[in-house]
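Since the structure comes first, as structure tokens, the remarks are kept for the end.
The values are calculated or read from the model by the stated rules, or taken from the named source; none is laboratory data. A quick note: this is a predicted structure, and the numbers were derived from the prediction, not measured. Methodologically, a virtual Cβ is constructed for each residue, glycine included, from the backbone with ideal geometry; neighbour enumeration extends over all protein chains shown.
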């Protein structure tokens with residue numbers, strides 16, 4: 001697997017950040033040194049779980065690889081996660097230690113007092129990633145060593161990653177797509193240039209040119225910024241290809257990027273994935289970007305898509321909608337919410353993932369996503385669970401319906417549910433802070449009554465209808 | 001509306017802050033409301049309201065209200 005075979009790429013450059021750079025041999029040596037800091041004191045060989053506080057720097061990468069190489073497991077989180085989040089993780093999963101590897105020679109390691117030391121962890125379990133950024137639940141996706149490795153290998157089969165490549169890793173390491181960029185390049189023996197800079201920073205553009213970056217990766221929001229900052233006016237001769245995943249990018253932006261790619265002799269890869277499938281499930285052949293800008297293409301090598309209708313029956317004909325189902329070796333072990341889930345006593349699920357996305361395929365076999373079965377939105381790359389949001393508001397004594405689309409959140413508020421007077425602007429700025437989302441993407445409607453449909457269920461459709469009629 | 005009133009109004013609506021908070025010293029990332037998302041909204045509003053086209057460097061450099069005035073100055077928009 002890529003993490004256990006770093007040495008094989010020897011003198012290739014493996015990683016670069018603002019401070020330092022290492023070849024593969026050096027990186028492997030760093031991991032061996034780092035292990036001395038985290039090695040369990042007991043002589044009994046027992047698998048441990050660590051919380052890794054990560055940023056995009058060499059130290060965080062060393063900590064991550066060290067844990068994998070030693071056969072332990074890690075929960076990978078944002079270094080800047082709140083104390084509450086961290087405490088919650090410690091209480092829930094009883095990790096051996098919390099590690100911040102930024103200063104990798106003298107890492108910051110905290111051993112929580114509550115750890116019982118008798119945690120049963122499945123031998124295959126490699127990492128846990130959070131399913132929701134902002135609404136904070138304990139639910140995590142459990143990925144195996146095999147999941148990480150298989151997805152990395154598959155990505156290397158469809159992306160033109162070359163051994164001498166330098167890719168810009170600006171997406172966070174604790175985000176499955178960001179991590180997959182790293183894993184796939186390490187698998188190939190190519191170089192990861194780690195940065196915390198976003199396209200909004202001069203540093204990002206500086207690195208693109210100075211490091212002669214060959215590929216970049218981004219979510220829709222990244223490309224919105226890149227386009228606004230006139231990416232398409234820049235030749236960037238070293239940049240060979242760029243990838244987009246993490247939600248639907250507007251059609252006109254896809255076309256702008258596809259045109260830019262074709263004029264500048266570059267390739268643009270639109271991809272689709274979920275953390276539940278390690279990261280990636282499909283990609284659109286770059287030759288089809290201009291004529292199929294809304295498509296997510298076909299399953300990655302080793303994976304397979306199918307569609308099922310509401311009764312679970314397979315759909316065989318083009319242009320009929322159903323739930324997208326994926327199968328492949330990158331499908332997660334399952335979800336975990338408690339420390340005892342880590343044992344996976346029921347065994348691994350079959351390699352089948354019901355994505356919750358609704359879509360169809362065309363006569364060529366390219367897939368399209370048209371909607372989502374479950375109730376969450378992706379706003380500026382942040383996943384917002386609508387049901388969880390409703391619950392959070394209810395806990396604060398306000399009865400709301402949360403709905404909307406990936407362009408914005410629509411909140412219908414029952415005016416009478418709170419004793420206090422609810423003020424629209426105030427509520428908006430509160431939500432904006434709570435969800436870390438710009439206020440322009442939050443729409444609040446104060447209603448005398450929340451609508452209920454004939455079946456006695458929450459009538460979200462009528463909320464969206466009246467939202468559209470009041471001129472949005 | 002004078003140019004300065006227009007500028008203050010653009011900042012206030014894009015960042016979702018009161019007009020009184022829009023002072024020359026107000027800086028990017030100095031308050032949670034002026035983050036990268038809001039910055040993009042701000043840039044797009046400035047371009048619409050003043051009918052200009054900002055380039056990459058202008059957008060990255062626009063780190064305060066004072067600098068915004070200087071950059072708009074390059075496009076012949078003055079605030080005195």
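Some points to look at:
- Within the stretch A:198-217, being within 10 Å of chain B (Cβ to nearest Cβ), more than 20 Å from residue A:247 (Cβ to Cβ) and touching a helix residue (DSSP H, G or I) at 6+ places or on another chain (Cβ under 8 Å) holds for A:201, A:202, A:205.
- Single residue of A:154, A:184, A:198 found to be under 21 Å from the mean Cα position of the chain (by Cα), surrounded by 23 or more Cβ atoms within 10 Å (Cβ to Cβ) and free of Cβ contacts under 8 Å to residues at least 40 places away in the same chain: A:184
- Meets criteria (under 29 Å from residue A:304 (Cα atoms), modelled with pLDDT under 95 and within 14 Å of another protein chain (Cβ to nearest Cβ)) for residue A:220: yes
- All of A:425, A:396 fail the test of being loosely packed, with under 12 Cβ neighbours inside 10 Å, closer than 29 Å to residue B:32 by Cα and either in contact (Cβ under 8 Å) with a residue 24 or more places away in the chain or within 14 Å of chain B (Cβ to nearest Cβ) (or both), apart from A:425.
- Screening A:320, A:330 for residues that are under 19 Å from the mean Cα position of the chain (by Cα) and modelled with pLDDT of 95 or more leaves exactly one candidate, A:330.
- Helices (runs of 4 or more DSSP H) wholly inside the stretch A:189-290 containing at least 2 residues that are out of contact with any strand residue (DSSP E or B) (no Cβ under 8 Å at 6 or more places or on another chain) and within 25 Å of residue A:365 (Cα to Cα): A:251-263
- Residues in the stretch B:25-41 that are buried (at least 16 other Cβ atoms within 10 Å of the Cβ) and within 7 Å of chain A (Cβ to nearest Cβ): B:36, B:37, B:38, B:39, B:40, B:41.
- Answer from B:44, B:12 - the residue that is within 13 Å of chain A (Cβ to nearest Cβ), within 10 Å of the chain's Cα centre (by Cα), over 26 Å from residue A:219 (Cα atoms) and free of Cβ contacts under 8 Å to residues at least 60 places away in the same chain: B:12
- The stretch B:56-72 - residue that is outside any helix (DSSP H, G or I) and within 14 Å of chain A (Cβ to nearest Cβ) and, of those, farthest from residue B:27 (Cα to Cα): B:62
- Test: residue in the stretch A:441-449 that is assigned to a helix (DSSP H, G or I), under 30 Å from residue B:43 (Cβ atoms) and within 14 Å of chain B (Cβ to nearest Cβ): yes
- Test: residue in the stretch B:17-24 that is in contact (Cβ under 8 Å) with a residue 12 or more places away in the chain, within 14 Å of chain A (Cβ to nearest Cβ) and not in a helix (DSSP H, G or I): yes
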